[in-house]
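Input: a single structure, listed below in structure tokens.
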Amino acid sequence: MPRPRDLVLAEVLRQRSWAAGLRWFDYHAPALGALLLVFGVPGLFALGLLDQSDLARLGRYCCLAMVAIGLDLVWGYAGVLSLCQMMFFTLGGYACGMYLAMHGPLDGDGIPRALFVVSSDPEGMQLPWFWKPFADPWFAAAAVVLIPGLLALVFGWLAFRSRIRGVYFAIITQAATVALWLLFCRNDLQLCGTNGLTNFTRLLGFDLTATATKVGLYIVSAATLVLTAWAVLRLTATRFGRLLLAVRDNEARLRFLGYDPVAYKTAAFVIAAVIAGIAGALYTPQTGIITPANMTAIESILVVVWVAVGGRGTVTGAVVGALAINLLYAWLTTEVPRLWPFILGALFILVVLFAPGGLVGAWRAFVRRGERTA
Amino acid sequence: MSDRSDIVQVTDVVVEFDGFRALDVPYFGIDRGELRVLIGPNGAGKTTLCDVISGKTRPKSGRIVIDDREVTDWPETAIARLGVGRKFQTPSVFDGLSVYENMELALPAQRGLRGALAGRASWRDERRILALLERVHLRALARTPARMLSHGQRQWLEIAMLMVSGARILLVDEPAAGLTDDETRLTAELLRDLAGAHTVLVIEHDMEFVRRLQSRVTVLNAGKILAEGSLEAVQADPRVREAYLGRGKHG
């Protein structure tokens, strides 16, 4: 499809055609969406049209949309269905949460309150050795990237090397997230068990309860989402991106052309895990809590639904799907909370049946039709 | 029968699937630059022989030597990099990519992860790709997604991908299946031209097509080599006639 680079608004107005306007909007929609998220939403907040809870909610959804972008890279492009993206998200969230807890209220012998209250022996308790380095923001930031990244590297490489594919890969990723969830629920792991990490007060010296900090965190989340979407779109336009599509379409053919698909699949899986880890780290200070519930099996399946509804293999579809479904969820769970699972289920089935390309696919078909009739 | 100058040498190879002996070949060789056709009834082991040469299937015993290198237990990726290209029975191209992008991925360079991120095709590669696409009448469709191609065009795209990949040994499984007469003629022409510079092994059922190739023919039946020689000679062989007639199929 030719992209009209020189399509400026003045030209559209001169032509006064419906199709030209549609094309102009289609071409600029990603940039308009990015501007709306990064500048529009804080502007609306400044004008008093959005309140603090709206802002916090949108900030969280931006983080979730990043997870969806990562899944789109591995599933939409490389065709590898992963059901453990929220596991990487939660690991990133915990790395950030441990930093925040170390700089929150401390009890006993310098022990974060969340850890102190679940201890079986609070009196003689010492801070576990692996907590100490997380007081350093640089160490915590490195852990946000490296823990999910290295786990994905080892797990992905082993699975892809053994040629575990399709539904079998999906099942072992789900098993992995359930296993880690069970592990994190245990108190003796000294990560606060099912309660999770909480009692956060300061991030890099900023007061987390201050409005300015909240707006700042939102802007950082929205900007990171936009940057991630841009970077992944750029990546998919390279030879690497075409190789991922080739893996999805015909892995055997690729192998008989002399390529080793293991490296490409592992690389995509690691990138997706790192994106999810960063998203989790941005999410945690905005919710004020991170618990093992963030990595239950259902959480990662929801990411698949967002990407499917938004449109696989488009990147923008992942963002649109994640934001749209979460906003719909926020709205409907206040209006008709009991109906939500049925509405989500129906939406998923309708999209799979009638718009396999998702919302973005349906939109593109609509624009193409507009161009043809013009 | 064994000739040590053959570029492909399959020696004493036995392949079994759950105890069923699919292939039992004392010696099968292809000369450098030769065009060879493999015929035989369904289930004779033709595709299995290709699978063994390209590393897709491991033989239970025996040796495979390609270009003086024993490749019996090499992974298929390594065998492909040695120069063995393969066209599958059902055309297999990358549907989500354009015709040109399919060709670009088939280029021999930059198969590593680093090349994938940084590499770009040179203008020389680009010209080669376009010339080959011209050859198979796909030049005008270079930007079209491969999923929009007809069956015959997909067959040609896959052959063109083998041609650009730098493969020296081509294993071509049923290239004429489902083609129109004109398309069949062009495909036979292509394969005949490829021989010489390439070593080509073609599996085919269509006798009219095999006649067009004017090459040596090897007949497989029930995993064993039944006869080898010119098409006329093997068709006159009573054992070959029986193998085909026994299954109600004329050669």
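The values are calculated or read from the model by the stated rules, or taken from the named source; none is laboratory data. If you're wondering where the values come from, they're calculated on a predicted model, not measured in any experiment. Note that we place each Cβ from the backbone using ideal geometry, even for glycine, and neighbour counts take in every protein chain shown. To get the accessible areas, we keep the full protein, side chains included, count just its heavy atoms, and leave off ligands, DNA and RNA. Shrake-Rupley method; radii C 1.70, N 1.55, O 1.52, S 1.80 Å.
On inspection, B:G166 qualifies as modelled with pLDDT under 90 and either open to solvent by less than 50 Å² (accessible area, probe 1.4 Å) or more than 23 Å from B:E228 (Cβ to Cβ) (or both). For the stretch A:99-111, filtered to residues that are hydrophobic (A, V, I, L, M, F, W, C) and part of a helix (DSSP H, G or I), the residue that is farthest from the chain's Cα centre (by Cα) is A:M102.
Taking (1) among the hydrophobic types (A, V, I, L, M, F, W, C); (2) over 14 Å from the mean Cα position of the chain (by Cα); (3) open to solvent by less than 20 Å² (accessible area, probe 1.4 Å); (4) over 30 Å from A:K132 (Cα atoms) in turn, A:C96 satisfies each apart from (4). Picking from residues in the stretch A:112-140 that are among the aliphatic types (A, V, I, L, M) and part of a helix (DSSP H, G or I), the one that is modelled with the lowest pLDDT is A:V117.
Yes or no: A:F116 without any contact (Cβ under 8 Å) to a residue 40 or more places away in the chain, under 24 Å from the mean Cα position of the chain (by Cα) and farther than 23 Å from A:A176 by Cβ? It is false that A:F116 is without any contact (Cβ under 8 Å) to a residue 40 or more places away in the chain, under 24 Å from the mean Cα position of the chain (by Cα) and farther than 23 Å from A:A176 by Cβ. Residues in the stretch B:68-89 include none that are of a type outside the set (D, E, K, R), touching a Pro at 6+ places or on another chain (Cβ under 6 Å) and surrounded by fewer than 22 Cβ atoms within 10 Å (Cβ to Cβ). For A:L257, indicate whether it is within 11 Å of chain B (Cβ to nearest Cβ) and buried (at least 22 other Cβ atoms within 10 Å of the Cβ). Considered against the rule, which asks whether it is within 11 Å of chain B (Cβ to nearest Cβ) and buried (at least 22 other Cβ atoms within 10 Å of the Cβ), A:L257 comes out as yes.
Looking only at the stretch B:223-237, which residues are charged (D, E, K, R) and over 19 Å from the mean Cα position of the chain (by Cα)?
Within the stretch B:223-237, the subset charged (D, E, K, R) is B:224, B:228, B:232, B:237.
B:K224, B:E232, B:D237, listed by residue number.
Being surrounded by fewer than 19 Cβ atoms within 10 Å (Cβ to Cβ) and either β-branched (V, I, T) or at pLDDT 90 or above (or both) is the filter here; which residues of the stretch B:169-188 pass it? Correct list: B:T180 only.
For the condition within 24 Å of A:G156 (Cα to Cα) and at pLDDT 95 or above, A:I275 qualifies. Filtering the stretch A:304-324 to residues that are part of a helix (DSSP H, G or I) and among the β-branched types (V, I, T) leaves A:V304, A:V305, A:V307, A:V309, A:T316, A:V319, A:V320.
Taking the criterion of being surrounded by 15 or more Cβ atoms within 10 Å (Cβ to Cβ), more than 10 Å from chain A (Cβ to nearest Cβ) and touching a Ser or Thr at 6+ places or on another chain (Cβ under 9 Å), the residues of the stretch B:139-152 that qualify are B:L141, B:A142, B:P145, B:G152. Show the residue pairs meeting these rules: Cβ distance below 6 Å; 6+ apart or different chains; first residue within the stretch B:85-108 and within 7 Å of another protein chain (Cβ to nearest Cβ) and of a type in the set (S, T, N, Q); second residue assigned to a loop (DSSP other than H, G, I, E, B) and open to solvent by 10 Å² or more (accessible area, probe 1.4 Å). What qualifies is B:S92/A:N250. From the residues in the stretch A:314-342 that are of a type in the set (V, I, T) and in contact (Cβ under 8 Å) with a residue 12 or more places away in the chain, which one is most open to solvent (accessible area, probe 1.4 Å)? That would be A:V320.
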